[in-house]
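Okay, so here's the structure we're looking at.
No lab work stands behind these numbers, since they all come straight from the coordinates. Everything numeric in this text was worked out from a predicted model, so none of it was measured. Backbone-built Cβ (ideal geometry, glycine too); neighbour counts: all protein chains shown.
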Amino acid sequence: MTATTDGSAGAVGPRAAAASETTDTAPAPGAGGLDEAAKRAAERSVTHLLGRQDAEGWWKGDLETNVTMDAEDLLLRRFLGILDPDTTRAAALFIRGEQREDGTWASFYGGPGELSTTVEAYVALRLAGDPPDAPHMARAAAWIRERGGIAAARVFTRIWLALFGWWRWDDLPELPPELVFLPKWFPLNLYDFGCWARQTIVPLTVVSAKRPVRPAPFPLDELHVDPARPNPAKPLAPVASWDGFFQRVDRGLHLYRKLAPRQLRKIAMDVAARWIVERQENDGCWGGIQPPAVYSMIALHLLGYDLDHPVMRAGLESLDRFAVWREDGARMIEACQSPVWDTCLATIALADAGVRPDHPALVKAVDWMLDEEIVRKGDWAVRRPGLPPGGWAFEFHNDNYPDIDDTAEVILALRRVRHPDPARVHAAVVRGARWSAGMQSKNGAWGAFDADNTSPFPNRLPFCDFGEVIDPPSADVTAHMVEMLAYEGKTAHPRTRRGIEWLLAEQEPSGAWFGRWGVNYVYGTGSVVPALTAAGLPGTHPAIRRAVAWLESVQNEDGGWGEDLRSYKERQWIGHGASTASQTAWALLALLAAGERDSAAARRGVAWLVETQGEDGSWDEPYFTGTGFPWDFSINYHLYRQVFPLTALGRYVNGEPVLYGLEGG
């Protein structure tokens, strides 16, 4: 890989000479047949994607999760006394529309019914006025009882029910606010948890200490297996096991609650309140994520913050921005919003499809991304106190928690655009590359938000029975970092070499890589192979050949690729599922990077994308191909189905990406 040294306008890649001559899209490499069809499909996709850009320069697709977001939003408003009929009606319309024929709600499209999701959806509809004897409600209640009732639901669901007296606080794991006093070197201190978990746990320590109850307007006897014994005791695990140990610790904490000095507890809750308020973002939210915002407002309200307090008022206003109103009047709540991620991926897709590097849309996107750079320290500095800041977060406003994945992809996007102020771009890239590289963990890999966030203890807590609560390194994030550093001319740097070694060691015997933030092995493999080849591994390398063989072995008969979310729990689903546009694109990106452009598998994959494209240049994709927590919390990024197919078609038509303003070394 060659690179310029002027820090501004040089280009790298086989399309460099032609890039400055293109207008909107580059010419296809061949005439007729699949090559010509792929070129036309890319052109239609470019038009579609350009038409979706906001006037300020960003892109954002809806971020769809499951109805617990909508149910908990209603429960919060009921708890705070601000639930209005219009919001209730719109939320209930959406929740009803997501119910399946068997009466359940799933946590992802096409997935099985999920107990806690179904409980929360049912309760929300009861609040909206749906009677328990209505057919759709009776089916849901019967299904819940068959699976153990409320007692079998996860802890977070039972916390919501406890707020209204539908569950006893004594029968929930204890979470003492004194946790905030634990020093950073002590096991189970706040910074042993992933950033999303600590933002949730701190306010929940206040809720756990206060144990509030707002009397419910109706009972939920129909959701208990035995209404006479709604809270059956669970047997303890063996004392020699980790589960048994932490269960007994929890019993000790319940005893401590009765003995805790009142003044110490008050000080702990005051410290927790300051911690929460200090991390409120400029837009009123917390970390750009809905769940921590919900719990933070409950905690602060319990500590005396009235609804007119500026912190609470801003928080409530931020929650309204998570609402997506649909044409039928339904209201869906996003768990978070992804404009930085969507914008950098859209920029990469358009550039790789041949849109000229100084196109106004790309320049505007770069301007917006540059304004989103985070140049102040956040919680990540606890583990890396001497590291200068610089990087990007996922959301509109989240200055406390930039992430490594976004930063790597933003840099790759910035380098694809010929900006009128190259020095400004280069300076931001240098800061971002320095910060993200410095977040490397001891094992040579990268997590999403923190370095060395690998404690084995948080996941053992009885309280933590839902989702990941730590942020260990993953193959997909590490791959994006290796790819970025390679294109920055840092292939020989020790950090890059350690990242490559870690990735090679993490390859599965099948030839695939696990996907932490996308589903699943198709995503991991589609991320790692382009990174390794960018870092200089030839297509003939044994690891690359194993990956290619695996992708070929799991290609669907229709030519596409798909992988169901159940692959996180059931091995028979690995690499298998209905073909989707995003997952087909990930497989193609790996095959193209491995030099397989003219292989039968790659051509069949390209043909599938061409054949399934809509007339407007878009693709449809109801399946969830992203994750918040593998299996437990799944995401349908509505822009994935547009940006990744365009990137794959662009690289099929045009070849290797072109990057500008690189420095060698």
Check: What is the sum of charges around residue 222, taking Lys and Arg as +1, Asp and Glu as -1, for the other residues whose C-beta is under 13 Å from the C-beta of residue 222?
Finding: -2
Checklist line | Check: region 551-665 dipole with +1 on Lys, Arg Cβ and -1 on Asp, Glu Cβ, in debye | finding: 200
Next item on the list: Using the Cα centre as the reference, give the magnitude of the dipole from point charges on the C-beta atoms of the chain (Lys, Arg: +1; Asp, Glu: -1; all else neutral), rounded to the nearest 20 debye.
Entry: 2120
Check: What list do you get for 624, 186 if you sort them by fewest beta carbons within 10 Å?
Finding: 186, 624
Notebook entry, point to check: Quick one, which of (1) 42.5; (2) 35.5; (3) 28.9 is the actual mean projected area of the Cα convex hull in nm² calculated for this model?
Noted result: (3)
Check: Quick one: what Rg and Dmax do you get for region 577-657 from the alpha carbons, in Å?
Finding: 13.0, 39
Next item on the list: Rank these for me by crowding, 251, 603, going from fewest to most other beta carbons within 10 Å.
Entry: 251, 603
Checklist line | Normalised contact order of region 121-268, rounded percent, pairs of Cα under 8 Å and 6 or more residues apart | finding: 28
Next item on the list: Would you kindly compute the Cα radius of gyration of region 66-261 and its largest Cα-Cα separation (Dmax), both in Å?
Entry: 18.1, 54
Next item on the list: Sort 510, 441 so that the residue with the fewest other Cβ atoms within 10 Å of its own Cβ comes first and the one with the most comes last.
Entry: 510, 441
Margin query: Amide H of residue 333 versus every other amide H placed in the peptide plane: which residues, excluding those fewer than 5 positions away on the same chain, fall under 5 Å?
Written below: 70, 324
Item checked: Loop sites in region 394-501: trypsin sites (Lys or Arg not before Pro), DSSP, at most 14 other Cβ within 10 Å -> 442
